[in-house]
Amino acid sequence: MKETDTDSTAPSRNAPCPLCNEAAARLLAEGEDFEYRTLPGPFRMRQCCACGHGFLDPPPARENLAEIYPSTYYTINPRSPIHFEGGIQKIKMRRDVDRIIKLAGTPAPRTIVDLGCGDAERLAQIGERLRARDSGVRLIGVDLQPDPGRVREIAERGVELVQGNMEERLDVIDDAGADLVIMCQIIEHLYNPFSALETIATKLTPGGRLLIETPNLGGPDFRRFKDKHWGGYHFPRHFHLFTTRTLRQAVERAGLEVVEGGFIPSGFSIVSFRNRLGLTSIERGDRFGEFLHMRNLLVVGASTAFDLTVIALGGETSNQIGRASGRERGYKLV
């Protein structure tokens, strides 16, 4: 599998790499909060000269978490141009649910935990599919800022929705108590994803599985916008960015064995173009380029078709996937 070319910027000696502890890291990108205009920048994404892992240096303080995830954030803000809705949302949700159930394998999981679950709709639909065969399936979702009105609604569909930072709420999972843990676009938001992976490994039942989806420091849109506007930087909310190699290292360091990796389509190119044009992710305006949004079937379709073509030709996109398993604990990256 190809590795992303490293940036040619001269290395600096600031914070050591959180993955391999190498002192030298090059400045990969420097940018602002283009999407929500929360904290003042600039924010600096560095890349380790030894292993290639990307990390925000420094990340925002923990007391700023509520500020950098405002009420206008796309996961809870239907006015956001990158909020999925309507037919596109239904297609994406069905695809995600199908993929996760397929990769969950057999026997079907009975206790499922979705970390960074958003509105928990994905988890609810997974549960509805599995409960058709096993009424004893337990569903737990953890999110930093769930919609208060959603908690009761989703509880009626059998989901225990827990509010909190997942790095501090892994205690909701019993030791060796989860058959399936889902981390979809969340590991990059963690202060210490390596410690989280080690803890999650202890929460899996024998043969349990961990599913992860995360940005990849690679792909055509990354190379085109990597100076500062790439949507995968998501300044200042993505604290860690992985290559295929560094994600493998992190997973193996947690005591889990990676079997294979791969890629799926990404919407980062749409965000990247919006960033370059000076458009926020808060709500659509009347400026040029506002047709670039996640409810525009032509735009999303073109972006998806391009990524699928890249994958078919053996290339990488900016969204990485993979599978792994262990003898005592199973791990899969989706």
Report summary line: So the FRET efficiency between GLU156 and ARG110, C-beta based with R0 = 22 Å and rounded to 0.05, is 0.60
Report summary line: Among GluC sites (Glu not before Pro) in the stretch 63-148, those in a DSSP loop whose Cβ has at most 14 other Cβ atoms within 10 Å are GLU85
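What order do CYS49, CYS184 take when sorted by accessible area (1.4 Å probe), most exposed first?
Numbers: CYS49 45, CYS184 25 Å².
Most to least solvent-accessible, the answer reads CYS49, CYS184.
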Query raised in the report: In Å², what does the accessible area per residue of the stretch 191-276 work out to with a 1.4 Å probe?
Result: 30 Å²
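Could you do me a favour and compute the accessible area per residue for the stretch 1-151, 1.4 Å probe, result in Å²? It would help to have the intermediate numbers written out before the result.
Values: 7200 Å² over 151 residues.
Dividing the accessible area of the stretch 1-151 by its residue count gives 48 Å².
For the stretch 128-254, with all protein chains present and a 1.4 Å probe, just round the carbon and sulfur fraction of the accessible area to a whole percent.
Numbers: 2140 of 4850 Å².
Accessible surface attributable to carbon and sulfur in the stretch 128-254 totals 44 percent.
In what sequence, largest accessible area first, do VAL113, VAL299 appear using a 1.4 Å probe?
On the way: VAL113 0, VAL299 25 Å².
In descending accessible area the options line up as VAL299, VAL113.
Which percent, nearest 5, of DSSP beta bridges in the chain are antiparallel?
Numbers: 24 of 45 bridges.
Percentage antiparallel, nearest 5: 55.
Could you calculate the contour length gain from LEU39 to ASP98, that is, 0.36 nm times the residue separation minus the distance between their Cα atoms, to one decimal place in nm? Each step should come with its number before you reach the end.
Numbers: separation 59, 0.36 × 59 = 21.24 nm, distance 3.77 nm.
Answer, rounded to one decimal: 17.5 nm.
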Query raised in the report: Ignoring ligands, DNA and RNA, how do LYS203, LYS90, LYS228 rank by accessible area with a 1.4 Å probe, largest first?
Result: LYS90, LYS228, LYS203
**Report entry** Paramagnetic label zone (point 7 Å from Cα along Cα-to-C-beta, LYS90; backbone N under 19 Å) in the stretch 289-316
**Finding:** 294-301
Requested in this report: List the GluC sites (Glu not before Pro) within the stretch 129-181 that fall in a DSSP loop (any state other than H, G, I, E or B) and whose Cβ has at most 13 other Cβ atoms within 10 Å.
Outcome: GLU156, GLU168
Query raised in the report: Could you give me the ³J(HN,Hα) list for the stretch 133-143, computed from phi with Karplus coefficients 6.51, -1.76, 1.60 and θ = phi - 60°, whole Hz, x at Gly and Pro?
Result: 10, 8, 6, x, 5, 10, 10, 10, x, 10, 8
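Scanning the chain for helices, which whole DSSP H stretches are 20 Å or more long along the axis (Cα) and average 1.6 or more by Kyte-Doolittle? Numbers along the way, then the final one.
On the way: long enough: 86-104 (27 Å, -0.36); 297-312 (22 Å, 1.91).
Result, helices passing both filters: 297-312.
How big is the charge dipole of the chain about its Cα centre, in debye rounded to the nearest 20, if each Lys and Arg gets +1 on its Cβ and each Asp and Glu gets -1 on its Cβ?
Details: 43 positive and 44 negative charges, 149 e Å.
It works out to roughly 720 debye.
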Query raised in the report: What nm distance separates the two modelled labels at ARG131 and ARG287, each placed 7 Å from Cα along Cα→Cβ?
Result: 4.4 nm
**Report entry** Sequence-distant residues sharing a close amide H with LEU211 (under 5 Å, placed H)
**Finding:** VAL181, ILE182, MET183, LYS332
Query raised in the report: Where a Cα-Cα gap under 13 Å defines reach, which aspartates and glutamates qualify for LYS92, not counting those fewer than 8 residues away within the same chain?
Result: GLU121
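The values are calculated or read from the model by the stated rules, or taken from the named source; none is laboratory data. Computed from a prediction, not measured in an experiment: that's the story for all the values here. Cβ atoms come from the backbone with ideal geometry, glycine included; neighbour counts cover every protein chain shown. To get the accessible areas, we keep the full protein, side chains included, count just its heavy atoms, and leave off ligands, DNA and RNA. Shrake-Rupley method; radii C 1.70, N 1.55, O 1.52, S 1.80 Å.
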